[in-house]
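First up is the structure itself, then whatever we jot down about it.
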């Protein structure tokens with residue numbers, strides 16, 4: 001509930017080689033139902049960032065991002081309203097978008 005940014009990656013790293021979910025132990029992965037992230041595993045790594053300071057600490061690898069899920073595909077939906085815009089970055093190109101009928 002405190003996540004303000006969602007990141008979905010098909011890579012094992014983010015932001016110039018950072019590993020946002022850290023190096024989780026096998027027991028943690030099993031408990032949460034995750035598998036170790038690999039580029040060729042066919043899964044998106046989905047994690048959340050809570051605030052700007054949280055993102056900063058993740059980028060300098062002091063803490064890890066919030067694990068949300070691993071998935072082969074995702075669909076994002078948002079209420080249709082001009083007051084709800086979404087900031088999106090695809091292949092390092094940021095833009096602001098109104099999400100209509102998902103993305």
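Out of all the residues in segment 1-52, which are assigned to a strand (DSSP E or B) and within 14 Å of residue 69 (Cβ to Cβ)?
6, 7, 8, 9, 44, 45, 46, 47, 48
Search segment 63-92 for residues that are outside any loop (DSSP other than H, G, I, E, B) and pair each with any residue that is surrounded by 10 or more Cβ atoms within 10 Å (Cβ to Cβ) and modelled with pLDDT under 75 when their beta-carbon atoms are under 8 Å apart and the residues are at least 6 apart or on different chains.
Pairs found: 86/78; 86/97; 86/98; 86/99; 86/103; 87/97; 88/97; 88/103.
The values are calculated or read from the model by the stated rules, or taken from the named source; none is laboratory data. Computed from a predicted structure; not experimentally measured. FYI the Cβ positions are ideal-geometry reconstructions off the backbone, even for glycines, and counts take in every protein chain you see.
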